[in-house]
Amino acid sequence: MTSQDINTAEATAAEKLPQTLRERGIAALSLFVGLFVFYTSFFGAFETLVQRAIFVALIACMGVMLFPLGRSRRWRGLGILIDLGMAAWVCVSAGYVIANFTEIMTGLPFAEPLDAWLGFGTLLVILELARRSASLVFPVIVGAMVAYAYFGAAIPGSFGHRGFDVYYITEVMFLSDRGLWGMLVSIASTTLAAFILFGALLLHTGAGQTFFDLSARAGGASPGGAAKIATIASGLFGSISGSSVANIATTGNFTIPLMKRLKYPAPFAAAVEAVASTGGQLAPPIMGTAAFVMAELVGVNYWTIAAVAFIPAFLFYLGVFTTVHLIAKRQGLGRVAQDDLPNWRAALNWRRMAPILAGVGGLAWGIWNGNSIELTACFGMIGIIVAYAIATLTGGGTPREVAATLIRALQDGGKGVVIVGILLVAAQVFVAMVNLTGVGVAVTSQILNLAGDNIWIIAVIMAGVCLIAGMGLPTSAAYVLVAAVFAPVLIQQGLDPLMVHIFVLYYAALSVITPPVCVAVFVAATIADAPWLRVARDTLRLGGTAYALPMLFLAYPGLLLNGGPEAIAHAILSGAVFVLAFAALFAGQPVWRLGIASSGVWIGIAVLALLPGWLPSLAALALLVAAFMPGIAKARPRAV
């Protein structure tokens with residue numbers, strides 16, 4: 001797939017104009033949402049509940065249009081009435097809160113029947129939209145937590161509590177800033193929305209093609225070149241897209257057919273895309289939108305999280321890239337022909353690079369001036385818009401072309417806010433009920449009773465619980481769910497809260513490729529037209545290092561920039577050796593003539609890298625080099 005193919009696809013998409021009344025409504029409202037995000041990023045958000053209530057009303061209206069009930073069914077007319085009723089209900093609730101926000105914030109009013117009807121009705125609308133946009137799993141979990149708050153007195157044992165009536169739950173959920181209008185909703189309507197819009201502007205003004213061209217030049221000509229293009233491009237796209245599944249749907253439609261055309265096995269092609277796209281959720285700057293949520297939950301600066309996440313993200317992709325390379329060398333997976341690769345001049349075309357550099361420059365300016373995250377993102381957006389306009393107009397483009405591109409970017413940014421916004425509203429209700437019932441304390445107590453004070457046993461249990469609890473959920477929702485309930489277990493052991501939250505985030509993100517509810521695998525398998533079980537098998541093989549990587553945070557906190565320069569350097573060395581050894585293990589890389597015993601060598605090197613002190617780490621590095629050299633020297637490509 002060449003850059004010309006991408007140009008053609010983008011042009012086709014650009015020419016498609018909204019036809020139906022619903023499509024025109026979506027276009028108009030998504031543009032309004034994008035402008036609302038840009039306006040509040042530049043001039044500042046409205047009063048707390050006012051900002052959040054407006055945002056919830058907007059995403060609810062967008063949600064019923066993007067995910068209509070009964071579409072293409074005979075009873076679509078009834079679906080339209082229900083959708084209109086849902087949107088109207090949320091708008092009335094939002095208007096009620098806006099009209100009474102001063103009393104709600106200062107007077108702590110008691111709930112009346114009207115409040116209960118509005119509050120629980122709004123919750124049901126949000127849960128229904130979450131079901132339509134994501135899956136049934138998350139709404140059921142949130143609904144169960146609300147029911148748990150009400151029926152707690154009837155539950156025996158340590159998980160029981162005194163129970164709360166409908167009106168008290170309403171006061172928490174509706175008449176406060178802890179439930180439907182809580183902290184996560186504030187993040188979604190300000191910081192997160194600003195960066196989603198930043199990413200949309202970046203992709204629409206040329207970054208998409210630039211990312212693909214640079215990926216093609218960086219890895220396309222080497223063994224397994226198409227798989228390496230997928231790995232690099234998906235990482236670049238994923239770092240700003242905010243969704244593993246959306247990333248697969250975007251880049252996978254280019255990279256998977258390219259790999260299949262070069263005779264890569266279809267399951268392998270799908271697995272590469274699924275793993276690489278998932279890694280994008282762990283790479284700065286956006287990190288699947290979870291970084292912004294984490295900043296509030298942990299109470300640290302967002303830029304600190306972005307910096308701390310860089311080394312682990314690098315090791316993640318080092319592991320995936322190495323595994324792909326070793327498998328490609330052994331199986332003779334094809335390179336991309338030089339004629340299909342863009343030249344460096346095209347890849348570094350200044351007209352496409354200008355918005356990227358200006359956007360990054362705008363962010364740097366905002367950081368340097370100490371501006372808020374939203375205003376910093378806005379400076380980045382302004383840089384993109386100005387640079388794109390100049391590059392387009394000086395290249396023969398018209399003002400109409402510039403305006404059309406920017407409008408599409410604002411519309412896509414507005415749409416992109418909807419799903420994550422809906423999920424975070426529901427997640428905030430979940431968090432509010434967790435705090436209200438104290439279930440997190442009960443879970444912590446049970447895990448500690450099971451594992452004692454052994455941090456490694458607790459970590460393994462936590463990893464398993466996070467993978468299970470996050471299945472079927474987008475990254476941000478999965479992270480909030482597991483962080484609210486399970487993060488306190490490790491924090492109580494004296495570990496740094498930021499380290500614990502990144503540990504939890506990794507396993508929450510990996511849940512999307514973990515069978516049996518592996519949403520990312522299903523999407524990639526559909527594009528590749530391959531059996532999902534075989535795709536899941538190859539995904540676990542390619543992503544095996546990622547499952548072990550968070551455990552390194554416990555052994556080497558320097559990977560998260562804890563400690564001085566020597567501790568960080570030691571952590572990077574040991575982490576790199578560990579990841580490379582695991583990559584070789586999962587790739588089936590032979591060591592000398594040991595055959596199946598090669599696995600033991602790779603495991604031994606990985607374990608040695610975990611031991612404290614420089615001497616074991618240097619010994620592991622020496623063994624790693626010694627183990628790789630004969631295999632590299634004797635490797636001969638063979639047919640797939």
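The values are calculated or read from the model by the stated rules, or taken from the named source; none is laboratory data. Not measured: the values here are computed from a predicted model. Note that we place each Cβ from the backbone using ideal geometry, even for glycine, and neighbour counts take in every protein chain shown. Keep in mind that these areas ignore ligands, DNA and RNA; they rest on the heavy atoms of the full protein, side chains included. Shrake-Rupley method; radii C 1.70, N 1.55, O 1.52, S 1.80 Å.
May I ask you to derive the relative contact order of the chain, considering only C-alpha pairs under 8 Å and at least 6 residues apart, and to give it as an integer percent?
Relative contact order here is 18 percent.
Can you tell me what percent of all Cα-Cα pairs in the chain are more than 49 Å apart?
When every Cα pair of the chain is considered, 12 percent fall beyond 49 Å.
With r as the distance between the Cβ atoms of Arg351 and Phe314 and R0 = 25 Å, compute the FRET efficiency 1/(1 + (r/R0)^6) and round to 0.05.
0.25
For the stretch 198-205, in order, what is each residue's ³J(HN,Hα) by Karplus, 6.51 cos²θ - 1.76 cosθ + 1.60 with θ = phi - 60°, in whole Hz (x at glycine and Pro)?
4, x, 5, 4, 4, 5, 6, 9
Please grab the % of Cα pairs in the stretch 397-438 that end up more than 16 Å from each other.
Roughly 58 percent, rounded to a whole number.
What's the FRET efficiency of Ala88 with Thr394 using the Cβ-Cβ distance as r and R₀ = 56 Å, to the nearest 0.05?
With R0 = 56 Å, the Cβ-Cβ based efficiency is 0.70.
What accessible area per residue comes out for the chain, rounded to a whole number of Å², with a 1.4 Å probe?
40
State the dimensionless ratio Rg/Rh of the stretch 36-154 (Rg: radius of gyration of Cα atoms; Rh: Kirkwood radius).
1.02
Need the list of aspartates and glutamates near Lys263 for cross-linking: C-alpha distance under 15 angstrom, and skip anything on the same chain fewer than eight residues off.
Asp529
Provide the net charge surrounding Asp83, with neighbours chosen by a C-beta distance below 11 Å and charges set as Lys +1, Arg +1, Asp -1, Glu -1.
Summing Lys and Arg as +1 and Asp and Glu as -1 gives +3.
In debye, nearest 20, what is the charge dipole magnitude of the chain about its Cα centre with +1 on Lys and Arg Cβ and -1 on Asp and Glu Cβ, if you could check?
It works out to roughly 2300 debye.
Taking the radius of gyration and the Kirkwood hydrodynamic radius from Cα positions alone, what is the Rg/Rh ratio for the stretch 307-397, to two decimal places?
1.15
Using Cα-Cα distances under 8 Å and only pairs 6 or more residues apart, what relative contact order does the stretch 213-275 have, in percent?
That works out to 31 percent.
For a test of the definition: using alpha carbon positions, the gyration tensor, and the 1.5 limit on a/c, classify the stretch 224-284 as rounded, prolate or oblate.
Prolate, because a/c is 1.5 or more and a/b exceeds b/c.
I'd like the Karplus ³J(HN,Hα) series for the stretch 354-366: coefficients 6.51, -1.76, 1.60, θ = phi - 60°, whole numbers in Hz, and an x wherever there's a Gly or Pro.
4, x, 5, 5, 5, x, 5, x, x, 4, 4, 4, x
Place +1 on the Cβ of every Lys and Arg and -1 on the Cβ of every Asp and Glu in the chain, take the dipole about the Cα centre, and give the residue among Pro488, Ile390, Ile104 whose Cα lies farthest towards its positive end.
Ile390
Cα to Cα, under 20 Å, and not fewer than 8 places away if on the same chain: which aspartates and glutamates meet these conditions relative to Lys228?
Asp5, Asp213, Glu273, Asp339, Asp340, Asp538
Per the Debye formula with a single identical scatterer at each Cα and no solvent contribution, what log10 I(q)/I(0) holds for the stretch 144-205 at q = 0.19 Å⁻¹?
Ignoring solvent entirely, the Cα scatterers give -0.76.
So what is the diffusion coefficient of the stretch 546-614 in µm² per second by Stokes-Einstein at 37 °C and 0.692 mPa s, using a Kirkwood Rh over Cα pairs?
My calculation gives 262 µm²/s for D.
Summing Lys, Arg as +1 and Asp, Glu as -1, what charge do residues with Cβ under 9 Å from the Cβ of Ser30 carry, Ser30 excluded?
Within the 9 Å Cβ shell, the charges total 0.
Could you work out how far the C-alpha centroid of the stretch 100-174 sits from that of the stretch 264-317, in angstrom?
Each part reduced to its Cα centre gives a spacing of 32 Å.
Which distance in nm do the two modelled labels at Ala144 and Ser222 give, with both placed 7 Å along the Cα-to-Cβ direction?
4.4
Give me the net charge of Tyr96's neighbourhood, meaning all other residues with Cβ under 13 Å from the Cβ of Tyr96; Lys, Arg count +1, Asp, Glu -1.
So the environment of Tyr96 carries a net charge of -3.
In terms of solvent-accessible area of protein heavy atoms at a 1.4 angstrom probe, what is the ranking of Ser222, Ser93, highest value first?
Output order, biggest surface exposure first: Ser222, Ser93.
May I ask you to work out the translational diffusion coefficient for the stretch 173-286 at 10 °C, viscosity 1.306 mPa s, via Stokes-Einstein with Rh from the Kirkwood sum over Cα pairs, reported in whole µm²/s?
This corresponds to a translational diffusion coefficient of 105 µm²/s.
Residue separation times 0.36 nm, minus the C-alpha to C-alpha distance between Asn454 and Arg261: what's the value?
64.5 nm
Residues in the stretch 326-363, backbone N under 19 Å from the label point at Glu401 (7 Å along the Cα-to-beta-carbon vector): list them, ranges by number please.
346-356
Relative contact order for the stretch 40-172 using alpha-carbon pairs under 8 Å, separation at least 6, rounded to a whole percent?
Relative contact order, the stretch 40-172: 22 percent.
Using 15 Å as the cut-off for backbone N distance, which residues of the stretch 162-194 belong to the label zone defined by a point 7 Å from the Cα of Leu114 along Cα→Cβ?
175
When all protein chains stay in place, what accessible area (Å², nearest 10, 1.4 Å probe) is found for Phe486?
We get 30 Å² for Phe486.
Label Asn301 and Asp529 with points 7 Å out from Cα along Cα→Cβ: what is the distance between them in nm?
Each label point lies 7 Å from its Cα, and together they span 5.2 nm.
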